[in-house]
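Okay, so here's the structure we're looking at.
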Amino acid sequence: VAAGSLHLSWSADVDLDLHAWMTVAGGVRQHVYFESLRGSLGRASVQLDRDVRSGGESETMSWRDADSVTLEFAVHAFSAGADIGAAKALIEGTAGGLRWSLTPPIGQSGKWWRLLRVDRATSSIQVWNTIVDDPTPGEP
């Protein structure tokens, strides 16, 4: 899945942030997020359009030429005490001709909403949709 995008929106007055990790064979990794809006490894690139610090607006992460990397995506609840589910967060994604949406799972707690992995080896998208305390890339 060489190209696509994720669109994060939410309504609460909290700061949520989209994050992406690009990894190539051999383990070289780049992290794209509000302090590093663009990343590239080889021909692959990922870009975050902007850092939104309160609900009512949205952030979009897009990638292209990513057939040589594995991509992993998550949302971080940056605001102290923020609840991703209560923020009414929504992810809308497009990749490989597919369109989908994700909402946070109910009954889970943590500061990170792990979204999905775009796997270069299998050309597939693996959806996690879990709330965790640690979004360590590479872990299921």
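Things to note:
- Summing Cβ point charges (Lys, Arg +1; Asp, Glu -1) relative to the Cα centre of region 30-80 gives a dipole of roughly 100 debye.
- Largest GNM mean-square fluctuation across Ile84, Ile125, Ile106, computed for the chain with C-alpha springs under 10 Å, falls on Ile106.
- Val28-Leu98 pseudo-label distance in nm [points 7 Å out on the Cα-to-Cβ vector]: 2.9 nm
- Only Lys, Arg, Asp and Glu carry charge here, each on its Cβ (+1 for the first two, -1 for the last two); on that basis the chain has a dipole of about 360 debye about its Cα centre.
- Length gained when the stretch Ser68-Ser109 is fully extended (0.36 nm per residue, less Cα-Cα span): 11.4 nm
- In the full protein context, the chain carries 49 Å² of accessible surface per residue, based on a 1.4 Å probe and ignoring ligands, DNA and RNA.
- Spin-label zone in region 1-36 - amide nitrogen under 19 Å from a point set 7 Å from the Cα of Asp119 along the C-beta vector: 1-4, 21-28
- Heavy-atom accessible surface of the chain: percent carbon and sulfur, 1.4 Å: 48 percent
- Inter-site label distance for Gln47 and Asp134 at 7 Å from Cα along Cβ, in nm: 3.4 nm
- Taking Trp10, Trp128 and ordering them by how much accessible surface each has at a 1.4 Å probe, largest first, produces Trp128, Trp10.
- For region 83-99, 3J(HN,Hα) computed residue by residue from phi via the Karplus equation (6.51, -1.76, 1.60; θ = phi - 60°) reads 10, 4, x, 5, 6, 6, 6, 9, 10, 10, x, 9, 5, x, x, 9, 10 Hz, glycine and proline entered as x.
The values are calculated or read from the model by the stated rules, or taken from the named source; none is laboratory data. Since the model is a prediction, treat every value here as computed from it, not as a measurement. We place every Cβ from the backbone using ideal geometry, glycine too, and count neighbours over all the protein chains shown. What goes into the accessible areas is simple: the full protein's heavy atoms, side chains included, and nothing from ligands, DNA or RNA. Shrake-Rupley method; radii C 1.70, N 1.55, O 1.52, S 1.80 Å.
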